[in-house]
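Structure first, commentary second.
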Amino acid sequence: MNRPVPQHAQAMRRHFHEAAARRGFSVAPAQEAAVERLARMAAELARPAWTFPRPPRDLYVWGPVGRGKSWLVDTFYEGLPTGRKRRLHFHDFFRRLHDGVNRPGTRHDGQSAVDSALDELIGDSRVLVFDEFHAHDAGDAMLIARLFRTLLDRRITLVTTSNYPPAGLMPDPLYHHLFEPTIQLIEERMDVLDVTGPVDFRRVEAPAAADGGRRFATGLCLPPGGTGLEALGLTAPEPAEATPVQAHLRELPARAVRGDVVWFAFDALCEAATGVPDYLALAERFPTLVLDGVPPLAEASADGRQRFANLVDVACDRDIRLVLIGADPLTALPADQALTRDLDRTASRLAMLQRTNRARTSP
Ligand SMILES: Nc1ncnc2c1ncn2[C@@H]1O[C@H](COP(=O)(O)OP(=O)(O)OP(=O)(O)O)[C@@H](O)[C@H]1O
Ligand SMILES: [Mg+2]
């Protein structure tokens, strides 16, 4: 048995309640079980590793969008005293894994390139927080299976969040069977906790502090023409300001770069062959990204919609300010039709920008 250190559980509980109070909210009833479970985990982790008969049980937190899952695991992460911890976002995990595998000089004998890239990502951590876990294709399935095996072998504790219950991962029936062994492993090895509160917190009016000073929460959705831009100290770019911008392994045509603001047309960023690594590279360099010419997503191509959804995910996780100019992207989207994967995630994140709009325009 892992005998936990009780004062660490108490300290973690307090940390959660104080973190919530600083933002002007309180831990919601649907979050309480997760707070308790994470407090217990903190107490188990407080024991020196050599006294561990086995690592604490892993935790899989899932639920609909905007229920405060990332807040829970980020707050846990922040409150953990150990330095031997890592937090990875799904998109970042794959980018760094691919970069590691493709780095010049990496050996490509069978799986060893993946293993050494994983080694580098995990380092000497005892806890890995993996936010927004999902799987959509055969490549994901292989890499995630590998990650799980590595964590098991190394006795590393995994805490994940997801919008899917384990059995719903890899929803595509074409690939689902490829993921079944990993689903089984998750169900055997992880405690599964459902955080399904009644509301998406991004959609309710909240005190400014609720966003914890996050830059993403200061983003905006503006109408065509960009009325309201001047309040951000911005004006539309002149044609002469067009410039290539280095993204991941390629340059992309920006409408302008002004200090720490980069400005793109929707078509140049979402209807061209760009990808998540490009958005991550831009987010690392520019704290503000303006995207104009945003169409109703129903009019964009399927790839364009998916890229836009990924861009919004990256902006939210990397906490950059996103200013969207154009149509409300989600108008006219048939509610019953899955036009892109995980579009409810995009809608929830955009609701946060629209909340900023309302706060700015209300007296
Ligand atoms: N108990 C709460 N009361 C009010 N707001 C909260 C509460 N918990 C978290 N929040 C806020 O709600 C917003 C959404 O939380 P978070 O990003 O953690 O949701 P999520 O469940 O991870 O959503 P997604 O599945 O879309 O990633 C954040 O701004 C967060 O600070
Ligand atoms: Mg989240």
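No value in this document is a laboratory result; all are computed from the given coordinates. Computed from a predicted structure; not experimentally measured. We place every Cβ from the backbone using ideal geometry, glycine too, and count neighbours over all the protein chains shown.
One table, with the values for the structure above:
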read-out	value
Alpha-carbon Rg with Dmax, taken over the chain, Å	21.2, 67
Anisotropy class of the range 213-361 from Cα gyration tensor, a/c 1.5 cut	rounded
Mean residue ellipticity (222 nm) of the chain, computed from DSSP H runs ≥ 4 via -39,500 (n - 2.57), nearest 500	-13000 deg cm²/dmol
The chain: DSSP helices with Cα axial extent of at least 20 Å and average Kyte-Doolittle hydropathy no lower than -0.5	29-45, 138-154, 302-317
Cα coordinate range in the range 6-194, projected on the principal axes (Å, largest first)	49, 39, 30
Cleavage-rule hits, trypsin sites (Lys or Arg not before Pro), the range 223-326, DSSP coil, Cβ neighbours within 10 Å at most 16	250
Net length gained if the chain between residue 22 and residue 137 were fully extended (0.36 nm per residue, minus Cα distance)	37.4 nm
Extension reserve of the residue 249-residue 30 stretch, reckoned as 0.36 nm per residue once the Cα distance is removed	74.5 nm
